[in-house]
Amino acid sequence: MRQTCGWLFVFACAASLTSCSTSGVGKRQNTSRTFKTVVVDAGHGGRDSGASRRYSPPEKVVTLDVAQRLNRKLRESQFRTVMTRSSDVFVPLDQRVAIGNRQANSIFVSVHFNDARRRGIHGFETYYSSPHAASLAQRIQRKLLTLPRATNRGVRRANFRVLRNAVYPSVLVECGFLSNRAEGAQARSGAYREMLADKISEAIVEERYGEGVYNAPPRLGPSIPPDLAAPGLSL
């Protein structure tokens, strides 16, 4: 009898854990056509440098710079924005998710750069988890592929924590490989980072308001106040 009760207790605990893991995230909401707020997430930061190669800046630096540029462009397009970090600080993944989930009627866009052991690997990748975010991920990828010499590595579903635990449509954008000499060198250029931000911004605006409504050409040269610029990067 004790053994039977023991198994029943185990099953009850397992069911409880499953329930908690599902309900803890909250019901996903489709705000892809109604959002007024964009949560801009600069990957890594602080003690977490991300990818780091000798011929390119650390990932945490370039993600912050692209995120700051994207933040400015979205504000110019009349969106409310929230940045998960605006300086070189470490923000845990769960805290990033919580920041996004607190913003009603929003979407979440996480900016990253990629890394690989083989230097020849290059190109853009965009990830999503919720089906509500698939359209946004595909649109961002299409816009990035209009950049010169862009390579398509695809739009994919992924189980990244910032995606799977998000209540609102969330995507993660890999803006090229720092491990690739050509793309690592591009990441050093302020003009190129401005174009990355512009393409992502264009996709977000068009996802909300439709094709052809975005008319902000890339601004080459200094584009954010020097005191807000990520350290170690040229403007």
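Values computed for the structure shown
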quantity: Residue in the stretch 152-162 that is out of contact with any Pro (no Cβ under 8 Å at 6 or more places or on another chain), in a helix (DSSP H, G or I) and modelled with pLDDT of 95 or more present; calculated: yes
quantity: Contacts under 6 angstrom Cβ, first residue in the stretch 90-104 being without any contact (Cβ under 8 Å) to a residue 60 or more places away in the chain, partner part of a helix (DSSP H, G or I), 6 or more apart; calculated: none
quantity: Subset of the stretch 97-140 (residues that are more than 21 Å from Glu206 (Cβ to Cβ) and either touching a His at 6+ places or on another chain (Cβ under 6 Å) or hydrophobic (A, V, I, L, M, F, W, C) (or both)); calculated: Val97, Ala98, Ile99, Ala104, Phe113, Ala116, Ile121
quantity: Check on Phe108, under 22 Å from Tyr214 (Cα atoms), out of contact with any Gly (no Cβ under 6 Å at 6 or more places or on another chain) and not polar (S, T, N, Q); calculated: no
quantity: Hits in the stretch 159-204 (condition: of a type in the set (Lys, Arg) and closer than 26 Å to Gly26 by Cβ); calculated: Arg161, Arg164
quantity: Val205 being at pLDDT 95 or above and assigned to a helix (DSSP H, G or I); calculated: yes
quantity: Residue list for the stretch 195-216, restricted to those being of a type in the set (D, E, K, R) and over 16 Å from the mean Cα position of the chain (by Cα); calculated: Glu206, Arg208, Glu211
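Yes/no matrix, rows are residues, columns are (1) over 16 Å from the mean Cα position of the chain (by Cα); (2) under 25 Å from Arg85 (Cβ atoms); (3) of a type outside the set (S, T, N, Q); (4) surrounded by fewer than 21 Cβ atoms within 10 Å (Cβ to Cβ):
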position: Asn114; (1), (2), (3), (4): no, yes, no, no
position: Tyr127; (1), (2), (3), (4): no, yes, yes, no
position: Gln138; (1), (2), (3), (4): no, no, no, yes
position: Thr151; (1), (2), (3), (4): yes, no, no, yes
position: Asn159; (1), (2), (3), (4): no, yes, no, yes
position: Ala185; (1), (2), (3), (4): yes, no, yes, yes
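Yes/no matrix, rows are residues, columns are (1) in a loop (DSSP other than H, G, I, E, B); (2) at pLDDT 95 or above:
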{"site": "Ala12", "(1), (2)": "no, no"}
{"site": "Ser16", "(1), (2)": "no, no"}
{"site": "Ser19", "(1), (2)": "no, no"}
{"site": "Gln29", "(1), (2)": "yes, yes"}
{"site": "Thr34", "(1), (2)": "yes, yes"}
{"site": "Tyr55", "(1), (2)": "yes, no"}
{"site": "Val62", "(1), (2)": "no, yes"}
{"site": "Ala98", "(1), (2)": "no, yes"}
{"site": "Gln103", "(1), (2)": "yes, yes"}
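The values are calculated or read from the model by the stated rules, or taken from the named source; none is laboratory data. Because the structure is predicted, anything quoted here is derived from the model rather than measured. Reconstructed Cβ throughout: ideal geometry from the backbone, glycine too, with neighbour counts over all protein chains shown.
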